[in-house]
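Here the structure is laid out as structure tokens; the discussion comes afterwards.
The values are calculated or read from the model by the stated rules, or taken from the named source; none is laboratory data. Bear in mind that the values here come from a model prediction, so they are computed numbers and not experimental data. As a convention, Cβ positions derive from the backbone with ideal geometry for all residues, glycine included, and neighbour counts pool all protein chains shown.
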């Protein structure tokens, strides 16, 4: 029996889709159809892989090489600056323009404001920023006070400290209004990871005028406190703050060491993306994460209590991506807050660790595709203030088609039709819209099976979203 390279690849896919090697996220057309039919699927070597958007299909084994060839040059080409907050703290930021081929009538699809997680920095988001810019988004990212290259409030740069969690909220509000909205065009969407996801959610509640929609990834709505109950840990750190020790390291915390890196490595299954992270760390040593003070932990735990009380007041379209095996954030709390919320679209990666966007391809690709799908049109169809008209959605469809993204092209065209029907319920669709729908439908029918499977995934996710928005 002889094997060609294609057969070897399919056998490898099958092996790694079984047993302990199995990772979540739909990977094949057959798995998507099983997902839609709500039945189990056993992977076979003949299964057809989904075709993820071209901007995210670079495989993680190639990432370490891509860091030097693509990501660091991307960082050097960006506009870098800093703004001074109301309390005189200097926060660095970077501005990345959308790729020219992805512009629609010379303009970006939207502007994204990225809020990174605890101990992260701008360079660590370059792989994600590359995808966003290639998809037509202007991207802004700033660094939180007391972290990365931002000003510290304590002499020891290893210590992560904040006087009030609300300072993070004020910083984001100031950044959006003093920097982002002066340099780019709307609509403006917020994308936050972990602690950044918590900050972004608070922004949506307290400053609804800042952003039209939100995406939160592994949001820190309730951090884990090791094996100890949250209430006991909060009581202890609050006592230490009362004793005047708010600026000292909290329990188990210390200056940076190799042990800290090992702890971080445990939040992703991907050894390749971890190597890419280390490569960035070599180039930008100030991105080394430090450890937490009693004051920071006290403020974070108080913010966790606050978000769980206030999240019912969130009236912004929001995508929440939950990591089912999160070691830093309690996924049960994320699930509880998201699953019934009328404005939240909830997406779960059951086998993902905390760092979903740095995970193995099978997890990251499906999660990132969900983000891109959501950003096509995150606003409610019946929202009169939505910056997206049926014409703008149709223009997105044409742009997708010109770039060979047949699945997303049909998805955007159907969103245009839904938008038309929501705003013109008694009128027939314009001929331009119906002609485009026919064109993209024909293009999808003539495309590879992997594109057709991707469209089924996109459409299934939208139908689930519509059921929740319009029960």
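Go through the range 365-383 and count every residue that is closer than 21 Å to residue 329 by Cα and in contact with a strand residue (DSSP E or B) (Cβ under 9 Å, 6 or more places away or on another chain).
The first filter runs over the range 365-383 and keeps only residues closer than 21 Å to residue 329 by Cα, leaving 366-368, 370-371.
Filter again for in contact with a strand residue (DSSP E or B) (Cβ under 9 Å, 6 or more places away or on another chain), leaving 366-367, 370-371.
So the count comes out to 4.
Among the listed residues 128, 147, identify the single one that is surrounded by 17 or more Cβ atoms within 10 Å (Cβ to Cβ), under 23 Å from residue 345 (Cβ atoms) and modelled with pLDDT under 95. Steps first, please.
Values: 147 fails: under 23 Å from residue 345 (Cβ atoms).
Answer to the check: 128.
Working only within the range 176-219, note down all residues that are in a helix (DSSP H, G or I) and free of Cβ contacts under 8 Å to residues at least 24 places away in the same chain.
Restricting attention to the range 176-219, the residues satisfying the condition of being in a helix (DSSP H, G or I) are 176-183, 195-206.
Those that are in a helix (DSSP H, G or I) and free of Cβ contacts under 8 Å to residues at least 24 places away in the same chain: 181, 182.
For the range 378-387, state whether one or more residues are farther than 23 Å from residue 185 by Cα and surrounded by 15 or more Cβ atoms within 10 Å (Cβ to Cβ). Break it down stepwise before answering.
At the first step, the residues of the range 378-387 found to be farther than 23 Å from residue 185 by Cα are none.
No, the conditions are met nowhere in the range 378-387.
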Legend entry - Residues of the range 317-339 satisfying the condition of being in contact with a strand residue (DSSP E or B) (Cβ under 9 Å, 6 or more places away or on another chain) and either over 11 Å from residue 216 (Cβ atoms) or not assigned by TED's automatic domain parsing to the domain that holds residue 366 (or both): 317, 323, 324, 325, 328, 330, 331, 335, 339
Legend entry - The one condition in (1) under 19 Å from the mean Cα position of the chain (by Cα); (2) farther than 19 Å from residue 117 by Cβ; (3) crowded, with 20+ Cβ neighbours inside 10 Å that residue 294 fails to fulfil: (1)
Legend entry - Residues that are surrounded by fewer than 23 Cβ atoms within 10 Å (Cβ to Cβ) and assigned to a loop (DSSP other than H, G, I, E, B), drawn from the range 327-359: 327, 328, 330, 340, 341, 342, 343, 350, 351, 353
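Would you mind finding the one in 366, 397, 362 that is in the same structural domain as residue 447 (by TED's automatic domain parsing) and buried (at least 20 other Cβ atoms within 10 Å of the Cβ)?
Values: 366 fails: in the same structural domain as residue 447 (by TED's automatic domain parsing); 362 fails: in the same structural domain as residue 447 (by TED's automatic domain parsing).
Step by step, each of 366, 397, 362 is checked, and only 397 is in the same structural domain as residue 447 (by TED's automatic domain parsing) and buried (at least 20 other Cβ atoms within 10 Å of the Cβ).
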Legend entry - Complete set of residues in the range 393-411 that are more than 18 Å from residue 110 (Cα to Cα) and in a helix (DSSP H, G or I): 401, 402, 406, 407, 410
